Amino acid sequence: MKAFVTGASGYIGSRLVASLVADGVDVVVGSRTPERLRSFDWYDAVDAVRLDVTDADSCRDALGESSVDVAYYLVHAIGESGYRRTDLDSARHFAEAARDAGVGRIVYLGGFVPEGEELSEHLASRAEVGEALQVDGIEVVWLRAAIVIGAGSTSFEMMRYLADRLPVLPLPTWLDKPVQPIAVDDVVHYLRGTADESVPAGAYDIAGPEILPYRDLVFAYVRAAGLHRLGVPTPPVPTKLAGFVIGRLIPVPGLLADDLVQSLVNSMTASEKRIERYVPDPDGGLTGVDDAMRRSLLGAGHPRSVSRNPDALRLADSDAEWTGGDVRSIRRYGAELLGEDGWKLIEALGAGAVLYSWPIAPVVRTNLDVAASVVGTVSARVRSLLHR
């Protein structure tokens, strides 16, 4: 099989590529800036091509001579202004180019579409993309999922920061909504399984083995992290207001946090289980919530390569800089300042036990972010003056 992966630098895409490469699959990855993919240790095992899904010509050039069997569509512009229109047009460009290039099928990962509910902007956009990909002449498998659990996942990182930083966790009434999360290793399993032509084209819900309220999902992280937190029921605060506040409490990009929080008003549980007919559960079964949380925290603060460790739930060194919690950020700043060996020495002398503790870690991390921002602003101003 020859696979084309869009979004290869992203959270899901990077782990999918690692899994495909590990199994000897012929992989082509598309990126606006292919040279940036050199940071991934699977880079030398794939063919990297330039791809901008917002440009129809770029899609045709990237797919035109690739002889691809399956193309994974894993890109989205959530968190950017006007992302809904961008995502819709991009999906059409890619689907038409894939069809014209003779691609066998497209596998797309989107979100659940709960019946009888008004969809949030984010979920409505993901549903529109799923529809836009379905052009005549090509098979499309649309996988629909809720929250993905795993270190590096935006939803997981938001939970991590809020639970780590707040001794009292507000519980608005919309956190009573049910959710059926899925571990990232199981997402990769289904992406791999539905590439096979024996799986009929169509939409399939994929989910983990447990349904629970959003609030219980937060406290599953609290248990896994060994924290002691008090949950306090609060009135139904508008999700837009909550998203605005959360986006300023944690280092996750504000617009991205806002878009995801507004989706919490929707019930996110599987409406059907047809996927079970075609893709068997992974060895050992689907990953439960507590196990997923525990594995996501293994080696917390110590990122590793996405392809040298088979545990997709672990944090990768290629994940976004804001992932990994406050401990990872302090380690990164320390290593940049003193070098890896110098910072390890500081840790060995006992500084880590203090700096990585709560509530010191959030305070240190926040002030380091502020300092870095000030230094960056001053440096940019100085460069501007020097070039006048």
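The values are calculated or read from the model by the stated rules, or taken from the named source; none is laboratory data. None of these values were measured; they are calculated from a predicted model. Quick reminder, even Gly has a Cβ in these numbers, built from the backbone with ideal geometry, and neighbours come from all protein chains shown. For the accessible areas, the whole protein counts, side chains as well, though only heavy atoms, and no ligand, DNA or RNA atoms are used. Shrake-Rupley method; radii C 1.70, N 1.55, O 1.52, S 1.80 Å.
List the residue pairs whose Cβ atoms are under 8 Å apart, where the first residue sits in the stretch 276-289 and is within 19 Å of residue 311 (Cα to Cα) and outside any loop (DSSP other than H, G, I, E, B), the second is modelled with pLDDT of 95 or more and open to solvent by less than 30 Å² (accessible area, probe 1.4 Å), and the two are 6 or more positions apart or on different chains.
289/149; 289/181; 289/208; 289/212; 289/217; 289/220
Do we have residue 258 as over 23 Å from residue 287 (Cα atoms) and in a helix (DSSP H, G or I) here? If you could, list the steps in order and put the result at the bottom.
Values: over 23 Å from residue 287 (Cα atoms): yes; in a helix (DSSP H, G or I): yes.
Judged against the criteria, residue 258 is a match.
Please enumerate the residues belonging to the stretch 50-83 that are of a type outside the set (Gly, Ala, Ser) and over 30 Å from residue 252 (Cβ atoms). Can you show your working first?
We begin by selecting, within the stretch 50-83, every residue of a type outside the set (Gly, Ala, Ser); these are 50-55, 57, 59-61, 63, 65, 68-70, 72-76, 78, 80, 83.
Residues satisfying the conditions are 57, 60, 61, 63, 65, 68, 69, 70.
If the Cβ limit is 6 Å and pairs must be 6+ apart or interchain, which residue in the stretch 127-138 that is among the polar types (S, T, N, Q) pairs with which residue that is buried (at least 17 other Cβ atoms within 10 Å of the Cβ)?
That search, which allows pairs on different chains as well, returns 134/140.
Residue 177 is checked against (1) over 30 Å from residue 280 (Cα atoms); (2) touching a Pro at 6+ places or on another chain (Cβ under 8 Å); (3) among the basic types (Lys, Arg) and fails just one. What number does that condition carry?
(1)
Please specify each residue of the stretch 24-52 satisfying the condition of being part of a helix (DSSP H, G or I) and aromatic (Phe, Trp, Tyr).
As a first pass, look at the stretch 24-52 and keep what is part of a helix (DSSP H, G or I): 34-39, 43-45.
If the condition is that a residue be part of a helix (DSSP H, G or I) and aromatic (Phe, Trp, Tyr), then 43 is the only one that fits.
Being open to solvent by less than 10 Å² (accessible area, probe 1.4 Å) and either touching a Phe, Trp or Tyr at 6+ places or on another chain (Cβ under 7 Å) or hydrophobic (A, V, I, L, M, F, W, C) (or both) is the filter here, so list the residues in the stretch 170-187 that pass it. Can you show your working first?
The initial filter retains those residues of the stretch 170-187 that are open to solvent by less than 10 Å² (accessible area, probe 1.4 Å), namely 179, 181-184, 186-187.
Within the stretch 170-187, 179, 182, 183, 184, 187 meet the criteria.
Considering each of 190, 221 in turn, give the residue that is within 20 Å of the chain's Cα centre (by Cα), open to solvent by less than 30 Å² (accessible area, probe 1.4 Å) and farther than 20 Å from residue 362 by Cβ. Don't jump to the end; show me each part of the working.
On the way: 221 fails: farther than 20 Å from residue 362 by Cβ.
When all the criteria are applied, what remains is 190.
If a residue has to be open to solvent by 40 Å² or more (accessible area, probe 1.4 Å) and within 24 Å of residue 153 (Cα to Cα) to count, how many in the stretch 328-356 make the cut?
Residues flagged as open to solvent by 40 Å² or more (accessible area, probe 1.4 Å) and within 24 Å of residue 153 (Cα to Cα) within the stretch 328-356 amount to 4.
Answer yes or no: is there a residue in the stretch 159-178 that is at pLDDT 95 or above, over 24 Å from residue 226 (Cβ atoms) and of a type in the set (S, T, N, Q).
no
May I ask you to list the residues in the stretch 58-84 that are out of contact with any helix residue (DSSP H, G or I) (no Cβ under 9 Å at 6 or more places or on another chain) and open to solvent by 40 Å² or more (accessible area, probe 1.4 Å)?
65, 67, 69, 82
For the stretch 132-172, how many residues meet the condition of being assigned to a helix (DSSP H, G or I) and over 14 Å from residue 263 (Cα atoms)?
Taking the stretch 132-172 first, the residues assigned to a helix (DSSP H, G or I) are 132, 154-165.
Next, only the ones that are over 14 Å from residue 263 (Cα atoms) stay: 132, 156-157, 159-165.
The number of residues fulfilling the criteria is 10.
With (1) touching a residue at least 24 places away in the same chain (Cβ under 8 Å); (2) part of a loop (DSSP other than H, G, I, E, B); (3) more than 28 Å from residue 205 (Cα to Cα) as the list, and residue 226 as the residue in question, which single condition is left unmet?
Failed condition: (1).
In the stretch 93-103, what residues are assigned to a helix (DSSP H, G or I), within 23 Å of residue 192 (Cα to Cα) and open to solvent by 50 Å² or more (accessible area, probe 1.4 Å)?
Looking only at the stretch 93-103, we keep the residues that are assigned to a helix (DSSP H, G or I), and these are 93-100.
Within this subset, residues satisfying the condition of being within 23 Å of residue 192 (Cα to Cα) are 94-99.
Listed by number, the residues that qualify are 96, 99.
Give the residues of the stretch 104-138 that are within 21 Å of residue 28 (Cβ to Cβ) and open to solvent by 10 Å² or more (accessible area, probe 1.4 Å), sorted by residue number.
104, 109, 135, 137, 138, listed by residue number.
Assess whether residue 325 counts as being open to solvent by less than 60 Å² (accessible area, probe 1.4 Å) and in contact with a helix residue (DSSP H, G or I) (Cβ under 7 Å, 6 or more places away or on another chain). Give the steps one after another, and end with the answer.
Values: open to solvent by less than 60 Å² (accessible area, probe 1.4 Å): yes; in contact with a helix residue (DSSP H, G or I) (Cβ under 7 Å, 6 or more places away or on another chain): yes.
The answer is yes for residue 325.
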